[in-house]
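**Student:** Pasting a structure here, questions to come.
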Amino acid sequence: MGEIKILPEEVKKLIAAGEVVERPANVVKELIENSLDAEAKKIEIETLQAGKRLIVVRDNGKGILEQDLPLVIREGATSKISQVEDLYQIETFGFRGEALHSISRVSELYIASRHFTASRGSALLARGGKIIDQREVAHPIGTTVEVRNLFYNLPARLKFLKSNRTERKHIQETVVSYCLAYPEVYFYLEQEGKTVIDLEPSSVEERLVKLFNLPSTPSFAAAENSLGKAEIYYYTNYKSAKFYIFVNGRPVKNSQIQTYLKNKLGYRTLAALFIELPPYLIDVNVHPKKEEVRFIRERKVLELIGSLFGKKEQIPTPADFVLKQPTLEKYLNPPKEELSPLPTSVGFQILGQVEDTLIVAYREGFIYYFDQHLLDEVVNFHLLGDESKACRASLKAGQKLDKNQMEELLNRWLEIGQPRTCPHGRPIYYKQPLEEIYKRLDRKTPRGFKV
């Protein structure tokens, strides 16, 4: 008998569910998107034990028809598309018919809803992807979804979740993204019985001020070309770099755009970038969690983003780094400054940058050589909790930094406890005793003695 076996259907479905739902924040994301697709103007989220024990999402959207309710947890059941061509005209968040099916596979799921045309509501209870009960209920127009005991049947996945504090932060970050993308929608988030977010409909500017406690209104810029339009709201004196990117209202991650914004606006900038394009120019069917998008005419889209800052600028594609590196300096590299030693608040003196790759600093008798990519990567990993995402979002070798950017990067590294290695295990820095350098040069130290 051969060694290769076909997995049972139940196992295959659990694996597929795990690709969509990796942590409680993924559940919150999918349920918020369902509410927005239902044209909800009020969305309330509650969690207990960082979402592991309970996640509740309520909305006042158009609701679900009673006859459709059993279908919402069926694999591939969706009202959004019906043929291949529809994949190129997607204007909704959901389209695969995977979210509620995947959630139901790894939890105890309760859904109650009343369609706006109905006089009564209906509800179902499912466990492990199977419907246990369905009945009529009293319910206002809209939908309530309760997810209990997440990953009860995947103990390994439950074990590898981060601390409750970290998982709560991921949920908060998810909700904040949609608060910014949809300022016209009321959002409420309660965690462990405490109100964390309570935002009435307003503007993007007002939401940035309230969510991040900004002392003043962010700056604004807009641009347009033959493909579409872009808008950015940004505040350049924030405590660290934080960028939100939205494509047609969908929060996405794009390390190329993020790196460009970081270089253009600085390492202490909070920004929300909104890109509007025809649906046929965007491929959202790239990632199971729909966190990434592919642009059909990428160069034009990147030119659109570059034009937000005045004269036409082109954000480099990977090929540009190989073929046109010298022509990129005008917008990738900040103006040159004299790199005199800069004392930081934590005792480091920034000495400079070597080959736009290593940050050189002095502290307490040692010269430190930091790999700028690994330094940024470990900080991003601490924030994102994902190795590949942290790597893609980080500085690359060959990017020139000014002294303020280097200081900011070192301070962020110190704030997370000065880890010695990156998430992949590579050393972040090498340090050399200054006395050893004097010894090799066979000279006295400035203190007057020979070593």
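Bear in mind that the values in this text are calculations on the coordinates, not laboratory data. These numbers were taken from a predicted model, which means no experiment stands behind them. Note that each Cβ is placed from the backbone with ideal geometry, even for glycine, and that neighbours are counted across all protein chains shown.
**Student:** Taking the number of other C-beta atoms within 10 Å as the exposure measure, put 206, 30 in order starting with the fewest.
**Tutor:** Numbers: 206 14, 30 25.
With the sparsest Cβ surroundings first, the list reads 206, 30.
**Student:** May I pose another question? Return an integer: the convex hull volume of the alpha-carbon atoms of the range 209-310, in Å³ per residue.
**Tutor:** 101 Å³
**Student:** Once you have the Cα-Cα distance between residue 418 and residue 430, take 0.36 nm times their residue separation minus that, and quote the gain in nm to one decimal.
**Tutor:** Numbers: separation 12, 0.36 × 12 = 4.32 nm, distance 1.31 nm.
Going from the current span to full extension adds 3.0 nm.
**Student:** Oh, and also: Calculate the spin-label point distance for residue 195 paired with residue 159, positioning each point 7 Å from the Cα along the beta-carbon direction, and give it in nanometres.
**Tutor:** 4.1 nm
**Student:** Listed here are the pairs 162/262; 253/300; 210/242; 262/400; 242/396; 239/262; which of them are more than 20 Å apart at the Cα? Provide the component values of the computation, followed by the final result.
**Tutor:** Values: 162/262 28 Å; 253/300 18 Å; 210/242 15 Å; 262/400 12 Å; 242/396 18 Å; 239/262 13 Å.
Over 20 Å apart, Cα to Cα: 162/262.
**Student:** In what order do 402, 198, 283, 442 fall by count of nearby beta-carbon atoms within 10 Å, going from fewest to most?
**Tutor:** 442, 198, 283, 402
**Student:** Still on this model: Quick one: grab the alpha carbon gyration tensor of the range 150-193, order the square roots of its eigenvalues as a ≥ b ≥ c, and give me rounded if a/c is under 1.5, else prolate or oblate depending on whether a/b is larger than b/c. Write down the numbers at each step before the final one.
**Tutor:** Values: a/c = 2.66, a/b = 2.47, b/c = 1.08.
Prolate, because a/c is 1.5 or more and a/b exceeds b/c.
**Student:** Can you figure out the FRET efficiency of residue 397 with residue 141, using R₀ = 45 Å and their beta-carbon distance, to the nearest 0.05?
**Tutor:** The value I calculate is 0.20.
**Student:** Using a Förster radius of 51 Å, what is the FRET efficiency between residue 354 and residue 299 based on their Cβ-Cβ separation? Nearest 0.05, please. Before the final figure, lay out each step's value.
**Tutor:** On the way: r = 32 Å, r/R0 = 0.63.
With R0 = 51 Å, the Cβ-Cβ based efficiency is 0.95.
**Student:** Say R0 is 60 Å: what FRET efficiency, to the nearest 0.05, do residue 437 and residue 39 get from their beta-carbon distance?
**Tutor:** Numbers: r = 67 Å, r/R0 = 1.12.
So, using R0 = 60 Å, E works out to roughly 0.35.
**Student:** Got a sec? How would 439, 403 order by Cβ neighbour count within 10 Å, fewest to most?
**Tutor:** In increasing order of surrounding Cβ atoms, one gets 439, 403.
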